[in-house]
Amino acid sequence: MLADLIQNSLDGVTAGAAYALFALGFTLIFGVLRRANLAYGPAIMFGCYAATWTHLNFGAGLLLLAVITIAGGVLAGAYVERLCFAPHRGGSAIAAMVASFALWMQFEELATIVMPRHLYAFPALYDGPPLELGPFTLRIDGLVMLATAIAACALLWWILYRSRFGLAVRAVIEQPAAASLAGINVPWVLVRVFALASALGGVAGYLVVASHGQITPMLGMWSTLKGLLAMMLGGLGSLPGAVLGGLALGLIEAHSQWFFGPQWRDLIAYLLLFVLLAARVPWMTTRSAS
Amino acid sequence: MDDYAIGVLTNIGLFSFLALSAYLLLVAGEMSFGQQAFFGVGAYAGGILTALYGWPLPLAALAAMALGALAQFLVGLPTLRLRGLYFAMATLAAAEMFRILFELFHWRVERNGELAGPDGTQGFRGIRWIFEHGIEPVHYLILVYALLAVILLLLVWVERSRLGAVLRGVGLDPELAASVGIDVQKAKLGVAAAAGALAALGGVLYAHHNTYIEPRNFDIMLGVHSLAYALIGGLGTAFGPLLGVLLDIGVLEGTRFFHGYRMIVFGGLVAVLLVFRPRGLLDERMVLWIRRRFS
């Protein structure tokens with residue numbers, strides 16, 4: 001019993017590491033724009049499909065695939081920013097969100113046109129047996145996922161809190177008008193934040209498809225939903241909250257799947273979000289989200 | 001008219017109910033990602049009542065609408081005080097819960113010697129009331145549009161009344177509305193119940209048109225589509241959402257011209273359109289211009 005709890009927690013933390021990266025990307029974009037980017041997951045999917053396509057046609061190796069995934073994600077993210085968010089800055093939040101949904105549709109259809117099968121194999125991160133630690137098993141790709149996520153978080157922290165660009169980003173998050181008056185080129189910061197968030201998403205997307213060893217067109221919706229859920233659970237707009245939200249979501253899913261099965265796993269995660277929102281717990285509703 | 005055209009036209013009518021329910025909430029200032037849930041509630045409730053218990057369709061539709069209104073009222077009660085993305089996410093969470101509950105929902109009843117009814121992820125087949133009662137597809141089409149016309153007349157009448165002004169006031173500036181004595185929460189709950197009933201009516205008609213429904217029909221895709229219909233059509237008049245549905249299903253699917261590339265064309269079109277008209281084609285200004293021109 002206790003062993004199961006610990007094993008589930010281990011699995012939950014590795015899954016949660018990817019969710020945390022998705023949530024960080026959402027939070028960065030939400031922080032500077034006050035908008036949810038529904039096309040965030042589909043843009044990541046675009047990168048993953050670009051990598052899968054390259055692998056199928058040219059048989060590229062793991063590292064090159066990672067680079068292609070991230071580059072594709074950033075490219076798609078820039079397209080989304082230009083078409084959905086740059087024109088609506090200071091304008092309608094709903095219009096921006098619906099526009100990002102429209103591009104989601106584009107990415108999804110593009111994926112199914114270029115690669116019409118429902119499922120494609122993706123080269124696995126690691127094929128060997130899992131690590132045995134007494135009664136527990138640790139998947140090597142899970143460990144790689146966790147380590148990469150921690151490294152990505154550390155890098156993000158360094159960028160945000162130790163670089164001039166990071167200072168500008170935090171200024172735009174706290175006081176966009178004052179940041180603009182202080183001479184910060186806000187539109188240019190926004191473009192780069194989008195690129196940064198898409199790169200984070202690309203890392204997470206690559207880790208997810210490489211550890212699952214397969215890719216389907218559901219990836220876009222899946223990563224948007226997981227990222228939104230983790231971001232909301234941790235408190236909208238807070239970067240440490242996004243990491244905690246991602247880990248919490250991973251843990252909740254792992255435990256509820258073990259005890260109640262896969263359908264209840266999703267039900268419980270959504271129920272928790274609904275109840276926390278309805279109860280207006282303090283950490284979730286402090287940021288304005290018009 | 002051939003069957004294909006009738007099917008496309010019927011679908012435009014059906015999804016207009018859902019788009020109108022998203023529109024009602026948008027006018028009252030709330031963005032819902034969850035209208036598909038109440039469409040699903042209507043579809044399941046209506047289908048169960050006619051196919052399993054032999055109710056006549058009109059009675060089943062009324063019951064389903066009441067259930068849809070109740071469901072959205074109950075979801076709205078704890079969530080309508082939330083603003084913007086918080087409300088959107090709460091409705092998304094609620095709708096996904098409904099979808100998963102449909103997956104877990106088994107209600108098998110023996111009917112004419114075999115088991116019928118919702119069977120979890122296997123879906124719910126045999127909602128055949130309109131075939132059993134010899135209703136031609138054309139007649140069903142007319143029925144759908146007659147109901148839509150009634151709803152539209154009702155909405156136009158409401159928008160011209162004091163109630164309409166109250167709703168737009170609540171949507172545009174809730175603080176200001178409250179300061180002139182409008183009970184914002186009550187107004188929004190009323191809108192929520194009406195939106196739930198509308199979505200459920202669309203769901204009943206959808207279930208009986210298709211004869212088969214499954215939980216996957218009522219996923220987030222449907223919900224965001226209805227939101228997009230309302231927004232591209234325009235928030236100035238109840239005819240806006242219809243225009244949105246017509247553009248998507250009618251022009252693109254009806255012509256089959258963009259076969260295979262439909263969402264790429266439509267998605268790009270929507271994004272570019274919203275750059276120039278963030279409140280849709282028939283926004284408030286356009287509606288005013290049309291009114292001046294023709295009165």
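Each reported figure results from applying straightforward, stated rules to the coordinates on display, with no laboratory input. Since we're looking at a predicted model, the values are computed, not measured. Using ideal geometry, Cβ is built from the backbone for each residue, glycine included, and neighbour counts are taken over all protein chains shown.
Run the quick spin-label model on B:Trp107 and B:Ala5: label points 7 Å from Cα toward the beta carbon, then report their separation in nm to one decimal.
The answer from the label model is 3.8 nm.
Could you tally the net charge around A:Trp258, taking each other residue with its Cβ under 12 Å from the Cβ of A:Trp258, Lys/Arg +1 and Asp/Glu -1?
Taking every Cβ under 12 Å from that of A:Trp258, the sum is -2.
Once every DSSP H run of n ≥ 4 in chain A is given -39500 (n - 2.57) and the sum is divided by its residues, what mean residue ellipticity at 222 nm do you get, rounded to the nearest 500 deg cm²/dmol?
Computed ellipticity for chain A at 222 nm equals -25500 deg cm²/dmol.
Ranked highest first by average number of other Cβ atoms within 10 Å, how do A:14-23, A:97-106, B:50-59 line up? Can you show the working numbers first?
Numbers: A:14-23: 28.2, A:97-106: 26.6, B:50-59: 15.8.
Ranking, from highest mean packing down: A:14-23, A:97-106, B:50-59.
Which of the listed residues, B:Pro118, B:Ala230, B:Trp289, is farthest toward the dipole's positive end in chain B, when Lys, Arg count +1 and Asp, Glu count -1 at the beta-carbon?
Ranked along the dipole, the leading option is B:Trp289.
Quick one: length gained pulling B:Ile290 to B:Leu70 fully straight, 0.36 nm per residue minus the C-alpha distance? Could you put the intermediate results ahead of the total?
Numbers: separation 220, 0.36 × 220 = 79.20 nm, distance 3.68 nm.
Full extension from B:Ile290 to B:Leu70 adds 75.5 nm.
Quick one: what Rg and Dmax do you get for the protein assembly as shown from the alpha carbons, in Å?
Every Cα atom of the protein assembly as shown included, Rg and Dmax give 24.3, 83 Å.
Place a point 7 Å from the Cα of B:Leu115 along the Cα-to-Cβ direction; which residues of the range B:30-62 have their backbone N under 17 Å from it?
Under cut-off, by backbone N: B:52.
Considering Cα pairs under 8 angstrom that are at least six residues apart, work out the relative contact order of the range A:80-215 and quote it in whole percent.
Details: 77 pairs, mean separation 41.7, N = 136.
Reported as a whole number, the value is 31 percent.
What percent of all Cα-Cα pairs in chain B falls in each 10 Å bin, counting up from 0?
Taking all Cα pairs of chain B, the binned fractions are 7, 28, 35, 22, 7, 1, 0 percent.
Estimate the FRET efficiency between A:Leu133 and A:Ser163 by the formula 1/(1 + (r/R0)^6), using the beta-carbon distance for r and 51 Å for R0, to the nearest 0.05. Mind showing how you got there, number by number?
Details: r = 38 Å, r/R0 = 0.75.
My answer for the efficiency is 0.85.
Give me the one-decimal nm value for the distance between modelled label points at B:Tyr145 and A:Leu155, 7 Å along each residue's Cα-to-Cβ direction.
Result for the modelled spin labels: 5.8 nm.
Loop only per DSSP, at most 14 neighbouring Cβ atoms within 10 Å: give me the trypsin sites (Lys or Arg not before Pro) in the range B:9-112, ordered by residue number.
Sites meeting the loop and neighbour criteria: B:Arg108.
Shielding by partners for B:95-101, please: the mean number of other protein chain Cβ atoms within 10 Å of each residue's Cβ. Write down the numbers at each step before the final one.
Details: counts 1, 9, 8, 1, 3, 9, 2.
Rounded to a whole number, the mean comes out at 5.
Label the range B:25-181 by shape, choosing from rounded, prolate and oblate, from the square roots a ≥ b ≥ c of the eigenvalues of the Cα gyration tensor; if a/c is under 1.5 it is rounded, and otherwise prolate applies when a/b is larger than b/c, oblate when it is not.
Cα axes put the range B:25-181 in the oblate bin.
Mind sorting B:Tyr140, A:Tyr161 by how few other Cβ atoms lie within 10 Å of their own Cβ, fewest first?
A:Tyr161, B:Tyr140
Just checking the output field for A:274-282: average partner chain Cβ neighbours within 10 Å of each residue's Cβ?
Other-chain Cβ atoms within 10 Å of each residue's Cβ, averaged: 5.
Hey, can you rank B:67-75, B:236-244 by average C-beta count inside 10 Å, highest first?
B:236-244, B:67-75
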